[in-house]
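The values are calculated or read from the model by the stated rules, or taken from the named source; none is laboratory data. Note that the structure is predicted; figures quoted are calculated from it, not measured. Note: ideal-geometry Cβ built from the backbone for every residue, glycine included; neighbour counts use all protein chains shown. SASA here: full protein model, heavy atoms, side chains in, ligands and nucleic acids out. Shrake-Rupley method; radii C 1.70, N 1.55, O 1.52, S 1.80 Å.
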2 protein chains.
Amino acid sequence: MNNLLQAQLKIVPEMPLLLQKRYKILMAILLAGEIGRRSLSELVHLTERETRKETDLLNQQGLITIRSAGMEITQEGKDVLDTLKDVIHEWSGLIQLEQQLQQTYNLSRVIIVPGDSEENNLAKSLLGQVAAKQLNCLTQPKQIVAVTGGGTIASIAEYLTQFVKQKTLTYVAARGGIGEEVQLQANTIAASFATATNGLSRTLYLPDHLSEEAYNMMMKEPVIKEMLELYDQTSVVIHGIGDAMEMARRRNSTPEEIQTIEQAGAVGEAFGYYFNKDGKAVHRIRTVGIQLKQLESVQHLLAVAGGSSKATAIGSYLKHAPPQTVLITDEGAAKELVKQNRDIN
Amino acid sequence: MNNLLQAQLKIVPEMPLLLQKRYKILMAILLAGEIGRRSLSELVHLTERETRKETDLLNQQGLITIRSAGMEITQEGKDVLDTLKDVIHEWSGLIQLEQQLQQTYNLSRVIIVPGDSEENNLAKSLLGQVAAKQLNCLTQPKQIVAVTGGGTIASIAEYLTQFVKQKTLTYVAARGGIGEEVQLQANTIAASFATATNGLSRTLYLPDHLSEEAYNMMMKEPVIKEMLELYDQTSVVIHGIGDAMEMARRRNSTPEEIQTIEQAGAVGEAFGYYFNKDGKAVHRIRTVGIQLKQLESVQHLLAVAGGSSKATAIGSYLKHAPPQTVLITDEGAAKELVKQNRDIN
DNA sequence: TTTTAGTTGGACAATATTTGTCCCACTACT
DNA sequence: AGTAGTGGGACAAATATTGTCCAACTAAAA
């Protein structure tokens, strides 16, 4: 059966391009609801003319309706989209990519969504959807889920209601508040996850970054201690992977610290650890939150990060990521990852 | 699964065209062996430039090798071709056509090969291959197979060795020699079938067309009688369908007879009977050979005829063909057939 | 009601691509 | 040595694609 697919690919190699392009457009129309040609073309990064050509085609095929108020997907379009979901995966070679990454980094699983979430909102939204779905698969009722901050993780919230069934999960913030937007902090995200799924949440209202003295003191506080003990009971951690420099900036690190981090060759960040390109932790922030060692005993780790420019950061973290990690990323990052690996060898 | 195919067709409707075109070229290269661009383009009815574009593509895909001596198919190309055989059928909508014809004419089965054997040697050769394969499927060891004359039937011989397994079949000529080329006579064909399959053959060395007197006399001859009795033991008849006027000409019919036939509105011919467009036998030649009545008790009838211009003839015969008939034809004839049927209704 | 921001479809010149058609150097046979 | 066939290079002509307008229209907002 797979043989047949490969034969088709061999004899009509331009097929994946066409398929993906139209899939992207159709998906965009589905997600955007009623949308015009120009807005659409911006969304899918195609010229207005090309979008027009393709939408005309899709219209002719009865997959979309196209009235003077805008374009909308038809039921048939939705059906086609649904049927094609898996094929897209196969035709795009994403499955091979997934296997490749899973093996090179020794991970539990890799899921790649088509597109590049940096350029494309669709990919971003797919990333969130898939993450939500995975979260549902990996959790049992009443378990504890630790979540970190960042835009990618935050965006998962809107798909949770749809994909996560009633399980009364408890969401705990995996780290304290860092100097960034409230919407992107672990605290807020844990709370929003809880709201979306009718679950509970426990939050850490502490600055992420503390002086040694204050840190030690706080660790003795019963409220904090109790919270930290939750980390040992955590079943699933869902976290992002950040670019080192960007995280340092968002944390409002001092110029000296930034310099230290930079000189150490840090490229990626996760859980307060900065990793260089070989995956070694070269710098650590005395962070309040889940610790690297604790991660190893967690059942499932859901690493969600996409965008081609984040590839280096992702790679650096994955080098020593626990083997029970499930990576959810996008085509852009994945391709960049294997490219970088190729260049090394 | 079929759903998926339809979804693909919906979103990439140009796929069948590409697929078929390249399939045709690849098939042509396979059949022709080492062949040049210009000869090839003639074979597949494409301009030299387009053939070039496609062969370049196929070469790049590693499906053919392309040296200064000519182009040849690679093993991979053969594999692809083999895998794609069934898909081509589906994508081209031939399966639907087959079902349609099978129902309208109440036949046992219809097999349609892509292309038009009138314009395209590939279709012709496919027709032969499929017929050979079917013959293999429908026969049991030591059975008797009756064969008629004509180019289409004659061309089956070269594929018999490949497709028909050792069964020691006996081939009998279904009719006597008619005034045409030796190579196209039933006698010769029966003999060549026997040679190709290591079988036996019995031939009728009698003119097909006799005076009444001579006919009656001959029917009393023991040698002939014995031969004719074989027809009752025949398990499979494999026959062509001819255009009425063409057959009359090939038979060297007298001008008067031709006129009679023409006036009767005959369009098709088989087994010495001329049929008008309603399928009624309007003229009969006192032919030495298998009789229409005998056909009805034969287990399997393999009707092999292709080419769009033969559609009328094929249709006229099929109107009253025995229900155990298996029709093997080509896309050109099949499409023309349904078109004519549509025009009537 | 008017305004406004959005929509499609038409138009068209600029630009790319495809196409038909040569020719040339080469090769495998005769 | 001759010949019929080969692929690849080249290039003008034809055709298709592309970017970019604009006009007419629509629906919702003001």
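Some notes on this structure:
- Helix B:331-344 and the longest principal axis of the C-alpha atoms of chain B enclose an angle of approximately 70°.
- Angle in degrees between helix B:186-197 and the longest Cα principal axis of chain B, rounded to the nearest 10: 50 degrees
- For region B:58-154, the set of trypsin sites (Lys or Arg not before Pro) satisfying both a DSSP loop assignment and a count of at most 13 other C-beta atoms within 10 Å is given as B:Lys142.
- In straight-distance terms, cross-link reach from A:Lys167 covers every one of the lysines whose alpha-carbon lies under 17 Å from its own, apart from those fewer than eight places away in the same chain; here that gives A:Lys133, A:Lys142.
- Counting DSSP beta bridges with both ends in chain A, the antiparallel % (nearest 5): 40 percent
- The chymotrypsin sites (Phe, Trp or Tyr not before Pro) of region A:198-247 meeting both criteria, a DSSP state outside H, G, I, E and B (loop) and at most 12 other C-beta atoms within 10 angstrom of the site's C-beta, are A:Tyr205.
- For region B:113-122, Karplus couplings with θ = phi - 60° (6.51, -1.76, 1.60), whole Hz, Gly/Pro x: 9, x, x, 10, 5, 6, 9, 9, 5, 4
- Surface burial for B against A, with a 1.4 Å probe and both sides summed, reaches about 2300 Å² of accessible area.
- Taking every C-alpha pair closer than 8 Å and separated by at least 6 residues, the mean separation divided by the residue count of chain B gives a relative contact order of 17 percent.
- Each residue of region B:62-69 was assigned a 3J(HN,Hα) from its phi angle through the Karplus curve 6.51 cos²θ - 1.76 cosθ + 1.60 (θ = phi - 60°); the sequence is x, 8, 9, 9, 9, 10, 5, 8 Hz, with glycine and proline shown as x.
- Under a 5 Å amide H cut-off, with hydrogens placed 1.01 Å from N, B:Asp330 pairs with B:Val113, B:Gly307 among residues at least 5 apart or on other chains.
- Set the Cα radius of gyration of the protein assembly as shown against 2.2 N^0.38 Å, with N its number of residues, and you get 1.39.
- DSSP bridge orientation in region A:220-345 - percent antiparallel, rounded to nearest 5: 55 percent
- Copy-to-copy label separations for A:Asp232, where each label sits 7 Å from Cα toward Cβ, in nm and ascending: 9.8
- The protein assembly as shown - share of DSSP beta bridges that are antiparallel (%, nearest 5): 40 percent
- Around the Cα centre of region A:93-344, unit charges on the Cβ atoms of Lys, Arg, Asp and Glu (plus for the first two, minus for the last two) sum to a dipole of about 660 debye.
- Ignoring aspartates and glutamates fewer than eight residues from A:Lys280 along the same chain, the ones with Cα atoms less than 15 angstrom from its Cα are A:Asp243, A:Glu262, A:Glu269.
- Counting heavy atoms of the protein chains alone, B:Thr83 has an accessible area of about 40 Å² for a 1.4 Å probe.
- Rounded to whole Hz, the Karplus (6.51, -1.76, 1.60) HN-Hα couplings of region B:266-276, x for glycine and proline: 5, 10, x, 9, 7, 6, x, 9, 9, 10, 8
- Exposure check, 1.4 Å probe, all protein chains in place: A:Leu9 carries approximately 50 Å² of accessible surface.
- Scattering curve values for region A:3-84, log₁₀ I(q)/I(0), Debye with Cα scatterers, q = 0.18, 0.20, 0.26 Å⁻¹: -0.72, -0.85, -1.26
- The chain A residue nearest the rotation axis shared with chain B, using its Cβ and rounding the distance to whole Å, is A:Met15, 4.
- Using the 1.4 Å probe convention, the accessible area of the protein assembly as shown works out to 46 Å² per residue with neighbouring protein chains retained.
- On Cα atoms only, tilt of B:15-32 relative to the major axis of chain B in degrees: 70 degrees
- With distances taken between every two different alpha-carbon atoms, region B:35-149 has a Kirkwood hydrodynamic radius of 16.8 Å.
- Solution diffusion estimate, µm²/s, Stokes-Einstein, region A:93-344, Kirkwood Rh from C-alpha pairs, 25 °C, viscosity 0.890 mPa s: 136 µm²/s
- Spherically averaged projected area of region B:165-278 from its Cα convex hull (nm²): 8.2 nm²
- Accessible-area composition of the protein assembly as shown, carbon plus sulfur, in percent [1.4 Å probe]: 49 percent
- For A:Gln166, the distances from its label point to the matching points in the remaining copies are 7.2 nm, ordered from shortest, with each point set 7 Å beyond Cα toward Cβ.
- Residues with amide H under 5 Å from that of B:Met71, placed H, sequence gap 5 or more: B:Ile35, B:Gly36
- Computed with a 1.4 Å probe on the full set of protein chains, the accessible area for B:His45 sits at about 110 Å².
- Using a 7 Å projection from Cα along Cα-to-Cβ, the label point at A:Gly33 is separated from the same position in the remaining copies by 6.8 nm, smallest value first.
- Computed [θ] at 222 nm, helices only, for chain B once each DSSP H run of length n ≥ 4 contributes -39500 (n - 2.57): -15500 deg cm²/dmol
- Between A:Gly176 and A:Val288, the built amide H atoms are under 5 Å apart, and every one of these is 5 or more places off in sequence or on another chain.
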